[in-house]
1. Among the residues that make up segment 56-70, is at least one of them modelled with pLDDT under 95, touching a strand residue (DSSP E or B) at 6+ places or on another chain (Cβ under 9 Å) and under 22 Å from Ala131 (Cα atoms)?
2. Quick check on my filter: what residues within segment 8-55 are assigned to a loop (DSSP other than H, G, I, E, B), more than 16 Å from the chain's Cα centre (by Cα) and either of a type in the set (Lys, Arg) or loosely packed, with under 14 Cβ neighbours inside 10 Å (or both)?
3. Exactly one condition in (1) touching a Phe, Trp or Tyr at 6+ places or on another chain (Cβ under 6 Å); (2) on the phi > 0 side of the Ramachandran plot is false for Ser137; which is it?
4. Can you tell me which residue among Thr41, Thr11 is modelled with pLDDT under 95, over 19 Å from Gly115 (Cβ atoms) and not small (Gly, Ala, Ser)?
5. From the list Ile67, Ile113, Ile50, which residue is within 21 Å of Glu4 (Cβ to Cβ) and touching a residue at least 60 places away in the same chain (Cβ under 8 Å)?
6. Looking at segment 71-86, can you tell me whether even one residue there is hydroxyl-bearing (Ser, Thr, Tyr), under 26 Å from Thr12 (Cβ atoms) and modelled with pLDDT of 95 or more?
Amino acid sequence: MAVELDHSFTTTRTLDDSYATILDLERVVPCVEGASVLERTGPDGVRAEIRVKMGAMSMTFTGTLDITEQDPAAHTVVMTVKSREAGGQGYANATIAFSLADGGGTIHTSAQITGKAASMGEGVVTSVLDALIKDFSQRLATI
């Protein structure tokens, strides 16, 4: 199942400070509810885990988050997530594109979900992802 979502966020940070914050994966990953960094895999990547509740089910996904593109002049960052469901056959992969501007920015998320999570239906998956990203946007503004 493929899901595309767009969100915006506001911040009081300067544009350069917002850009530097987005690149700090150890600070950004915990802004996603249920997510934590397990280890750094390189200068632009981490191994991470997220626990997600979808309806009556709770699932844990473990995988990698890598910064795959960054343009300091344009203040854009693209991250790629590749994760597998613990104890299951499913995966949750995503491309997250940040476009920063004075006072905030936008987040475009393109996710591909399979397994138990996808069996919940597109409406549930979209609703859960939308809520996670909205919450992330609010937390991002405060770190």
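The values are calculated or read from the model by the stated rules, or taken from the named source; none is laboratory data. Keep in mind it's a predicted model, so treat the numbers as computed, not measured. Positions of Cβ are backbone-derived with ideal geometry, glycine not excepted, and every protein chain shown enters the neighbour counts.
1. yes
2. Thr12, Arg13, Thr14, Pro43, Gly55
3. Condition (2) is where Ser137 drops out.
4. Unique residue meeting the criteria: Thr11.
5. Ile113
6. Taking every residue of segment 71-86 in turn, at least one turns out to be hydroxyl-bearing (Ser, Thr, Tyr), under 26 Å from Thr12 (Cβ atoms) and modelled with pLDDT of 95 or more.
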